[in-house]
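J.: Sharing a structure, written as structure tokens. Questions coming.
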Amino acid sequence: MSTLKTLNGNQTIAEAVRQVDPDVLAAYPITPSTAIVETIAKFKADGLISGEFVCPESEHSAMSVCIGAASAGGRVMTATASQGLALMWEMLYIAAGLRLPIVAAIVNRSLSAPINIHGDHSDTMGARDAGWIQIYSEGCQEAYDNFIQAFRIAENLDVRTPVLVGLDGFIISHSMEVIRVEDDAKVKKFVGEYKPVYPLLDTDRKMTVGPIDFTDYYFEHKRSQIEGIENAPPVIEAVGKEFGKEFGREYGFFEEYRMDDAEICIVVMSSAAGTCKDAIDELRSEGKRIGLLKPRVFRPFPYQKMAGALKNMKAVAVLDRSSSPGAFGAPLFTEIRSALYDHDERPHVVNYVYGLGGRDIMIEHFKDVASKLEKIAETGKVEEKFAYINLRE
């Protein structure tokens, strides 16, 4: 039966790893994900994990180990953050290009320079076009649930694509929360037995992995790779519903909070969504018709469903915990604005960058955004399309 445990975000990921017990766990410790690796190592030393635990000399090597192990036919996972993910850059594309169902826990942290160990989404947003499915977590419970589901999604025969699960550094990774840890046997049954496709250790098959590929077939092979992530949406949805049926917590592409009669809306991912919900509740008590849309899946981006949820709003504020220097807005904003483009009736959309390097975002900041949205909704005029929250200019 399930049990209630007080765990931080890193411990919840390690707990999920213990229950899934992949064949190979390869990771190099980096703040703020270090405790994931430490806890997995302890589980291994205590005999609670049967899979092979590998701690190589760098994150680049960790992903290389994952690629080799997954190519050989193993169920594989890793964990990292920030510069560690950046050091994996080359190998991220290879993992995706080979359609290897590797699962990675990414404890979101800022990228240097200057050096900062706190949480923002610079790392995973930098990897948004590497070909990985990206799922984000609001809290410890969601991180645990997302990580378990990630194996089912990645290993689906129509998908066969690596998945990363993001959780905000320190805000989630080091914050304690009472979470429901499901029964070990039920988790194993839900994830199911891993069935590798074309494993290198199957010597009855002749195949090539990672060949050189010039102009003759590279384009076709990349198109084939993209097919996996394009096939993912119905699988993500089905796995989320099955998880809800089995464990009582259903998941989709995003969460809508108090959106039924909303006229204005804030869009924000991950841990900040919890603070935003409190702000929404306070604003609702004042008679404001405002809602929250919290994206859970960023890749593949559910543009049709997202546009459907937002198209009837009068004004929408998209909050990004990363920047995209030189672009027309930050990553989440550009995706949402693009999704709404084909609708004749669409809201005004503005973009705010917040929380870089772990800078706090508080209830009053969301209230200030709501006030600006109200003004846009009333006047139909946007005076400031891009801005920063809680920044000393």
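Nothing in this text is a laboratory measurement; each read-out follows from the coordinates by a stated rule. Small disclaimer: the values here were computed from a predicted structure and weren't measured. Note that we place each Cβ from the backbone using ideal geometry, even for glycine, and neighbour counts take in every protein chain shown.
J.: On the given criteria, is LEU157 without any contact (Cβ under 8 Å) to a residue 40 or more places away in the chain, surrounded by fewer than 24 Cβ atoms within 10 Å (Cβ to Cβ) and in a loop (DSSP other than H, G, I, E, B)?
T.: no
J.: To continue, here is another question. If a residue must be crowded, with 19+ Cβ neighbours inside 10 Å, under 23 Å from MET91 (Cα atoms) and free of Cβ contacts under 8 Å to residues at least 40 places away in the same chain, how many such residues does segment 35-52 contain?
T.: 2
J.: Check off (1) of a type outside the set (Val, Ile, Thr); (2) in contact (Cβ under 8 Å) with a residue 60 or more places away in the chain; (3) under 20 Å from LYS375 (Cα atoms) for SER270 and give me the number that stays unchecked.
T.: Checking SER270 against (1) of a type outside the set (Val, Ile, Thr); (2) in contact (Cβ under 8 Å) with a residue 60 or more places away in the chain; (3) under 20 Å from LYS375 (Cα atoms), the one that fails is (3).
J.: Out of segment 53-103, which residues are in contact with a Phe, Trp or Tyr (Cβ under 8 Å, 6 or more places away or on another chain), closer than 13 Å to PRO29 by Cα and in contact (Cβ under 8 Å) with a residue 40 or more places away in the chain?
T.: Result: THR80, GLY84.
Residue-wise test of (1) of a type in the set (Phe, Trp, Tyr); (2) farther than 30 Å from GLU15 by Cβ; (3) part of a loop (DSSP other than H, G, I, E, B).
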position	(1), (2), (3)
ILE148	no, no, no
ARG180	no, no, no
LYS195	no, no, yes
LYS222	no, yes, no
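J.: Hey, another quick one. Please identify the pairs in which a residue from segment 349-378 that is farther than 24 Å from SER110 by Cα has its Cβ atom under 6 Å from the Cβ atom of a residue that is part of a helix (DSSP H, G or I), counting only partners at least 6 apart or on another chain.
T.: VAL349/ARG337; LYS367/ALA279; ALA370/LEU283
J.: What are the residues in segment 257-299 that are within 21 Å of ASP145 (Cα to Cα), in a loop (DSSP other than H, G, I, E, B) and of a type in the set (A, V, I, L, M), if any? Quick ask: steps written out before the conclusion?
T.: Pass one, segment 257-299, residues within 21 Å of ASP145 (Cα to Cα): 257, 268-275, 277, 293-299.
Retained after the next criterion (residues that are in a loop (DSSP other than H, G, I, E, B)): 268-271, 296.
If the condition is that a residue be within 21 Å of ASP145 (Cα to Cα), in a loop (DSSP other than H, G, I, E, B) and of a type in the set (A, V, I, L, M), then VAL268, MET269 are the ones that fit.
J.: Taking the condition of being more than 19 Å from ILE67 (Cα to Cα) and among the polar types (S, T, N, Q), how many residues in segment 186-219 meet it?
T.: So the answer is 1.
J.: Residues SER322, SER338: which one is under 23 Å from the mean Cα position of the chain (by Cα), surrounded by fewer than 18 Cβ atoms within 10 Å (Cβ to Cβ) and touching a residue at least 24 places away in the same chain (Cβ under 8 Å)?
T.: It is SER338.
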